[in-house]
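We did not get these values from a lab; they are worked out from the coordinates using the rules stated. These figures come from a predicted structure and were not determined experimentally. As a convention, Cβ positions derive from the backbone with ideal geometry for all residues, glycine included, and neighbour counts pool all protein chains shown.
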Amino acid sequence: MPNKSTSGATIALLTLCLSTALYAQQPTTAPEAAESSAPSPTTNSATSPAAPSPSAPDAERTRPEDPAQLEAESRQAYEDGEYLKFYIANMKLHNRFPYVPQYMYNIVRACALLEKNTTAYHYMHKMQQQGLSYDFNQTEDSQNIRDTQAYDYINNLMIEAGKPSGDGAIAMTLAGDPAEYRAMAWDNSRDRLLVGTVSKGQVLAVDADGGTEVLLQADSENGLWSVNGLAVDQARGRLWITSAATPEFAGYTESDGNRNSLFEFDLETLRPLVRYDLPPDGFYHELGGVAVTDDGDVYVVDTVMPLIYRKPRQQGGLEPFVASNDLVAFTDVAVTPDSSRLFASDPVMGIFVVDLAAGSAAMLSGPETLNLGGIQSMDYVDDKLFIVQAGIQPERLVRLELAPDQPGVADVVPMAVALEAFDRPGAGTVAGSDYYYFANAGSGEAASGSIVMRTKLDAGNALKPLDLQDLQEALKPREP
């Protein structure tokens, strides 16, 4: 198979851009608006200051506090009964990672212990607005804020949010460990789902009854390892696969460690065409989700570092395209068919949006009902993003209705919530009027198989902010 590698110098340049920006407050790296064979990252000056060098005199003052250190301070302060320090550490963590529910949960506990009841209710309300489910009756720390209408009202709503709801049916069950299946795509030419496996490096075609056919198997000829991402380019008859030499792969050898490639196959014949290697640069990488625009540009995310790569149409190899040192890592990528916007999901920070035409980038924003934590899978269809969230309570499939006149979310619509089969739901794909997705990647080898769920694309109702009048009524003092 022909092989095309990215220039090591290009990756080294991008790495240098990242390392010299680590101390900035809010820098965002964005692509050049003009297309080139090796685009250089630029800073979105509209929202971000220039990143100072670590050697600059102000470096210590601008350095963000280490999250691991704040976590340690939080644990130690709680153990020592220093609840104000516990509160402060979690406020800092929440301000930096607003979609992580645990920090809001800890803030409520801290405020209850400090008898800051109004602030405790505020953060309970904030969690409830986002559809999160926690029962504060389960922690003794909440004793000081209980037995009020406000507490009971909001806490009961949060308990209700954790009950199974929405639309979801088991479409099929695939044999084997649910964690074995990491990638999914729809192949209209075969009228079947395609799924990728980790240990065997297979691509399977799955029919409506769950029957499977091995389309591709990792071997010395095609060079595949674990299959992490799949994308079908129906118009050009191409199947794109991201693959990584991971220890979970049955044929893994130490000499293959940290090897990653984007593979291009003929969709009809499954003949291998080109392999685009990611050359070693001294850092660990693992390529994941892949997406293709109508023009034929291919985008791939790194699941270890906050990097997005591009394989331009008709030319070049896999090249670093955009990065942000404010983010953690990516789980999936989606693009608009007209190549105007790219979306990359970070399970900690939310959704990173790149305006491909303007050459700018920002985080996706939205109403108070928006929580973008724990995203494992994402797809774009007709001004809607479909996201699978496994890192929050409750686990859920959500439709984000994008605002027509601004780059943000207009409505948050839970489609399937806390269903019985859910145990770390994962990769999914749009197929006609349905969304298919793995439901139980966390179930372990003892599970009876990998459950594939099907949910209608138009399922669910938008989360609505708690009616202010109802909340005010709940906040009224109880009659003696």
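Across the stretch 188-195, rounded Karplus estimates of 3J(HN,Hα) from the backbone phi angles (6.51 cos²θ - 1.76 cosθ + 1.60, θ = phi - 60°) give 5, 5, 9, 6, 9, 6, 10, 10 Hz, Gly and Pro being marked x.
Using a Förster distance of 25 angstrom, determine the FRET efficiency expected from the C-beta separation of Y284 and D66, and round it to 0.05.
Details: r = 20 Å, r/R0 = 0.81.
It comes out at approximately 0.80.
How much of the DSSP beta bridge set in the stretch 193-349 is antiparallel, as a percent to the nearest 5?
Details: 45 of 45 bridges.
If we restrict to bridges inside the stretch 193-349, about 100 percent are antiparallel.
Cross-link partners of K92 among aspartates and glutamates, defined as those whose alpha carbon lies under 18 angstrom from its own and excluding same-chain residues fewer than eight positions apart: E60, E65, D66, E71, E73, E82, D326.
Each Lys or Arg adds one and each Asp or Glu subtracts one; over the other residues with Cβ under 12 Å from the Cβ of S142, this totals -4. Karplus-derived 3J(HN,Hα) values for the stretch 119-134, using 6.51 cos²θ - 1.76 cosθ + 1.60 with θ = phi - 60°, are 5, 4, 5, 4, 6, 4, 4, 4, 5, 5, 4, 8, x, 7, 10, 9 Hz; glycine and proline are entered as x. Within the shell of other residues whose beta carbon sits under 13 angstrom from the beta carbon of E248, the net charge comes to -3, with Lys and Arg scored +1 and Asp and Glu -1.
Can you tell me which of 192-203, 141-152 comes out highest on packing, and rank the rest after it, using the mean Cβ neighbours within 10 Å?
Working: 192-203: 22.8, 141-152: 16.7.
Highest mean packing first, the order is 192-203, 141-152.
Its relative contact order, with pairs defined as Cα atoms under 8 Å and 6+ residues apart, puts the stretch 67-163 at 21 percent. At a Cα cut-off below 12 Å, give the aspartates and glutamates reachable from K116, other chains included and same-chain residues fewer than 8 away excluded. Hits, sequence-local ones excluded: zero. For the stretch 73-79, putting each phi into the Karplus relation 6.51 cos²θ - 1.76 cosθ + 1.60 with θ = phi - 60° gives couplings of 4, 4, 4, 5, 4, 5, 4 Hz, in residue order, rounded to whole numbers and with x for Gly and Pro. Taking 0.36 nm per residue of sequence separation and removing the Cα-Cα distance, the N461/I170 pair yields an extension gain of 102.7 nm.
Which shape class applies to the stretch 67-163: rounded if a/c is under 1.5, otherwise prolate when a/b exceeds b/c and oblate if not, where a ≥ b ≥ c are the square roots of the Cα gyration tensor eigenvalues? All intermediate terms of the calculation are to be shown ahead of the outcome.
Details: a/c = 2.11, a/b = 1.40, b/c = 1.51.
Because a/c hits 1.5 or more and a/b fails to exceed b/c, the stretch 67-163 counts as oblate.
All Cα-Cα distances of the stretch 165-456, cut into 10 Å bins from zero to the largest, leave 6, 31, 38, 21, 3, 0 percent in each bin in turn.
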